[in-house]
Amino acid sequence: MKILYLILLYNGEINGGHTYRMATAKALKNLIGYENLDIVLSELDTSDWGCNVVMRMKSYSSGKEKLRNLLEGNITQRSNKDIDEIVNLINKNQYDIVLFGSSETGKLVSEVKRRCNVKTMTWYHDIVADVIERKKKTEFNLKMLPIWNTEKKAEGTDARLTDVPIVLHRRDADLLQKYWGRKTDVFIPIALEDKFVPYDYSAESEKNEKLQLLFVGAYNWSVNVEAAKWFCENVMSKLNDYAVQFNIAGFQMENLLKDGWVGQYKNVKVLGTVDDLAETYKKADVVVEPILTGSGMKVKTAEALMHGKEVIGTQEALVGYDELSDKVCETAEDFISTIIRYSTNRPARFVPLNRLAYEENYSIKGIENKLRYAISKAEK
């Protein structure tokens, strides 16, 4: 069994999607062995994947190149030359399965199915068609319309041709069927490499210490800034009379201080980029996930479970995490009442059941059986 894993769409940022694709590669390597897994990356990706990188694809930055790719019937980050190189690689190395790392495969999957004798699996990290339809309603941009329509069409081609579509959870399976009429029973959630450092969690915070809330997210992802601001305006502003502190951490989150609006909240502290995220999680009583919009699964929720933290969040933040279904806060009032309850009945800083949920479902080991099932489906 030899697999080629294509991770082509990458903009140079180490983000959640990049992190769990790396975890997926490690799970595949555990299943089939280093010598049986090859990967293709973007030229921008210099991370150590611990796998055999057989090719790096060009990243297109100029408008002229992107337009050419669109006119060739491809998404902006793929050319006909790229497709020919991948097809030649597949035929040369005689892979059994090609795993596409995203669903906008379009002309690529079409040419692979036409010119290669290989089975294909596609990882739907969200349903692009649904994301684009929401963008058209909330952030319509005439210049982006050709790009969006091409990406949507590319996903539709994949849904029609790929042998095994892989989705994160039931919501995305329903959306896949809604937009493309394709059913799937292969559910593989996101996974993260274990970065938890065991510590003496029996030493609880002192009773007179403020309840420490923590939100982790990168500043360059607008939904995180939207979430932090909404939480401050609608939740923390109502908790001034309680011993509660809201801590905001994450890559470049210190930029919130420059934005100006944080300073009015005396119970909010911006930690920004931190050197040791594990230590930041260790000091938190509750991780809050007030994400209002998005798609797929939220990597930071899995990260909180990895650290064994108590978690509360919106439906969007916790979608796909069935073990947290009773931790959903639908409204600001839900967050407020839950936090007040926690302030008088302090939760443990380490929740063994949440750590166990990570180990069983969202760790590299946790997704191996699910990957094994996907491979068996492709082999039929």
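Name the residues in segment 27-50 that are open to solvent by 40 Å² or more (accessible area, probe 1.4 Å) and either within 17 Å of residue 302 (Cα to Cα) or outside any helix (DSSP H, G or I) (or both), would you?
Scanning segment 27-50 gives 43, 44, 46, 48.
Kindly indicate whether any position in segment 343-358 is touching a residue at least 24 places away in the same chain (Cβ under 8 Å), within 17 Å of the chain's Cα centre (by Cα) and farther than 26 Å from residue 175 by Cβ. Can you show your working first?
At the first step, the residues of segment 343-358 found to be touching a residue at least 24 places away in the same chain (Cβ under 8 Å) are 343, 346-355, 357-358.
Among the residues that remain, those that are also within 17 Å of the chain's Cα centre (by Cα) are: 358.
Among the residues that remain, those that are also farther than 26 Å from residue 175 by Cβ are: none.
No, segment 343-358 has no match at all.
Okay, residues lined up against (1) of a type outside the set (Ser, Thr, Tyr); (2) modelled with pLDDT of 85 or more; (3) open to solvent by 50 Å² or more (accessible area, probe 1.4 Å); (4) over 15 Å from the mean Cα position of the chain (by Cα):
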residue	(1), (2), (3), (4)
184	no, yes, no, yes
188	yes, yes, no, no
193	yes, yes, yes, no
198	yes, yes, yes, yes
201	no, no, yes, yes
207	yes, no, yes, yes
210	yes, yes, yes, yes
220	yes, yes, yes, no
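Kindly state which strands (runs of 3 or more DSSP E) lie completely within segment 239-321 and contain at least 1 residues that are modelled with pLDDT of 95 or more and surrounded by fewer than 22 Cβ atoms within 10 Å (Cβ to Cβ). Lay out the reasoning, then the answer.
Values: elements: 244-249, 268-272, 286-289, 310-313.
Here the list reads 244-249, 268-272, 310-313.
Restricting attention to segment 126-152, which residues are more than 19 Å from residue 78 (Cα to Cα), of a type outside the set (A, V, I, L, M) and touching a Ser or Thr at 6+ places or on another chain (Cβ under 9 Å)?
Result: 126, 130, 134, 138.
Looking at segment 211-238 only, could you name the residues that are in contact (Cβ under 8 Å) with a residue 40 or more places away in the chain and either assigned to a strand (DSSP E or B) or charged (D, E, K, R) (or both)?
211, 212, 213, 214, 215, 216, 226, 238
Scan 102, 110 and give me the residue that is assigned to a helix (DSSP H, G or I), of a type in the set (Gly, Ala, Ser) and either under 18 Å from residue 43 (Cα atoms) or open to solvent by 10 Å² or more (accessible area, probe 1.4 Å) (or both). Break it down stepwise before answering.
Working: 102 fails: assigned to a helix (DSSP H, G or I).
The conditions single out 110.
Report whether or not residue 227 is among the hydrophobic types (A, V, I, L, M, F, W, C) and within 17 Å of the chain's Cα centre (by Cα). Even if it seems obvious, please write down each step before you answer.
Details: among the hydrophobic types (A, V, I, L, M, F, W, C): yes; within 17 Å of the chain's Cα centre (by Cα): yes.
In short, yes.
Does residue 276 qualify as being without any contact (Cβ under 8 Å) to a residue 40 or more places away in the chain, acidic (Asp, Glu) and more than 21 Å from residue 17 (Cβ to Cβ)?
On the way: without any contact (Cβ under 8 Å) to a residue 40 or more places away in the chain: yes; acidic (Asp, Glu): yes; more than 21 Å from residue 17 (Cβ to Cβ): yes.
The answer is yes for residue 276.
Applying the selection to segment 13-41, what residues are touching a Lys or Arg at 6+ places or on another chain (Cβ under 9 Å) and either at pLDDT 90 or above or at positive phi (or both)? Reasoning before the result, please.
Let us first name the residues in segment 13-41 that are touching a Lys or Arg at 6+ places or on another chain (Cβ under 9 Å), namely 16, 27, 30-32, 35-38, 40-41.
27, 30, 31, 32, 35, 36, 37, 38, 40, 41, listed by residue number.
State which residue is nearest to residue 296 (Cα to Cα) when the search covers only segment 153-178 and only residues that are charged (D, E, K, R) and surrounded by 22 or more Cβ atoms within 10 Å (Cβ to Cβ). Show your work before the answer.
Quick first cut of segment 153-178, residues charged (D, E, K, R) only: 153, 155, 158, 160, 163, 170-172, 174, 178.
Those still in the list that are surrounded by 22 or more Cβ atoms within 10 Å (Cβ to Cβ) too: 155, 158, 172.
Values: 155: 15, 158: 18, 172: 7 Å.
Of everything passing the filter in segment 153-178, 172 is nearest to residue 296 (Cα to Cα).
Residues 56, 78, 68: which one is modelled with pLDDT of 90 or more, in contact with an Asp or Glu (Cβ under 9 Å, 6 or more places away or on another chain) and open to solvent by 30 Å² or more (accessible area, probe 1.4 Å)?
Working: 78 fails: open to solvent by 30 Å² or more (accessible area, probe 1.4 Å); 68 fails: in contact with an Asp or Glu (Cβ under 9 Å, 6 or more places away or on another chain).
Of 56, 78, 68, the one residue that is modelled with pLDDT of 90 or more, in contact with an Asp or Glu (Cβ under 9 Å, 6 or more places away or on another chain) and open to solvent by 30 Å² or more (accessible area, probe 1.4 Å) is 56.
The values are calculated or read from the model by the stated rules, or taken from the named source; none is laboratory data. All of these numbers come straight from a predicted model, not from anything done at the bench. Here Cβ is always computed from backbone atoms with ideal geometry, including for glycine, and neighbour counts include all displayed protein chains. Keep in mind that these areas ignore ligands, DNA and RNA; they rest on the heavy atoms of the full protein, side chains included. Shrake-Rupley method; radii C 1.70, N 1.55, O 1.52, S 1.80 Å.
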